[in-house]
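Chemist: To start, I am sharing the structure in question, which I have written as structure tokens.
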Amino acid sequence: MSDSKQTFKPYVPADKVVPEFTATSIILGILLAVVFGAANAYLGLRVGMTVSASIPAAVISMGVIRFILRKNSILENNMV
């Protein structure tokens, strides 16, 4: 049962300024697009079957941004 008095609380508040369109997100997005695009093209030409590369690329970008770069920005992950 949901309580009608509960209010929606966004994960990133509107008054908080969090960078989204950064050099990190653009460079990482381009790098992952090139690598997974090439791998997908090779797989398609070699085997005749392709896979969705967006989920592995999203997981890798989250790992790189969070653990290697030590940032905790969900908006940068969305941009990548």
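Coordinate-derived values only; no laboratory data. Owing to the predicted nature of the structure, the values given are computational and were not obtained by experimental measurement. Glycine also receives a Cβ, built like all others from the backbone with ideal geometry; neighbour counts cover every protein chain displayed.
Chemist: Pick the calculated Kirkwood radius over Cα pairs in Å for this structure from [x] 20.2; [y] 15.0; [z] 12.9?
Modeler: Label of the calculated value: [y].
Chemist: Where does the chain land at 222 nm, in deg cm²/dmol rounded to the nearest 500, when only DSSP H runs of n ≥ 4 count, each adding -39500 (n - 2.57), divided by all residues? Working shown, then result.
Modeler: On the way: 3 runs with 41 residues, N = 80.
For the chain, the value works out to -16500 deg cm²/dmol.
Chemist: What size of dipole, in debye to the nearest 20, comes out for the chain about its Cα centre when the only charges are +1 on Lys and Arg C-beta atoms and -1 on Asp and Glu C-beta atoms? Don't jump to the answer; show the numbers that get you there.
Modeler: Working: 7 positive and 4 negative charges, 34 e Å.
Here the chain has a charge dipole of around 160 debye.
Chemist: Right, next: Need the list of lysines near LYS71 for cross-linking: C-alpha distance under 26 angstrom, and skip anything on the same chain fewer than eight residues off.
Modeler: In chain and number order, the partners are LYS9, LYS16.
Chemist: Relative to the longest principal Cα axis of the chain, at what angle does helix 23-47 sit, 0 to 90 degrees, rounded to 10?
Modeler: The helix 23-47 is inclined about 40 degrees to the chain.
Chemist: Of the options THR24, ILE65, ILE55, report the single residue whose Cα projects farthest towards the positive end of the charge dipole of the chain (beta-carbon charges: Lys, Arg +1; Asp, Glu -1).
Modeler: In the chain, that residue is ILE65.
Chemist: With r defined as the distance between the Cβ atoms of THR50 and LEU75 and R0 fixed at 30 Å, what FRET efficiency is calculated, to the nearest 0.05? Can you show the working numbers first?
Modeler: On the way: r = 29 Å, r/R0 = 0.98.
The formula returns an efficiency of 0.55 here.
Chemist: Please give the length that would be gained between ALA38 and ILE60 if that part of the chain were fully extended, namely 0.36 nm times their separation in residues minus their C-alpha to C-alpha distance (nm, one decimal). Kindly include the intermediate steps, with their values, before the conclusion.
Modeler: On the way: separation 22, 0.36 × 22 = 7.92 nm, distance 1.62 nm.
Extra length available between ALA38 and ILE60 comes to 6.3 nm.
Chemist: Roughly what angle does helix 54-63 make with the longest principal axis of the chain, taking Cα atoms, 0 to 90 degrees, to the nearest 10?
Modeler: Taking Cα atoms only, the helix is inclined about 60 degrees.
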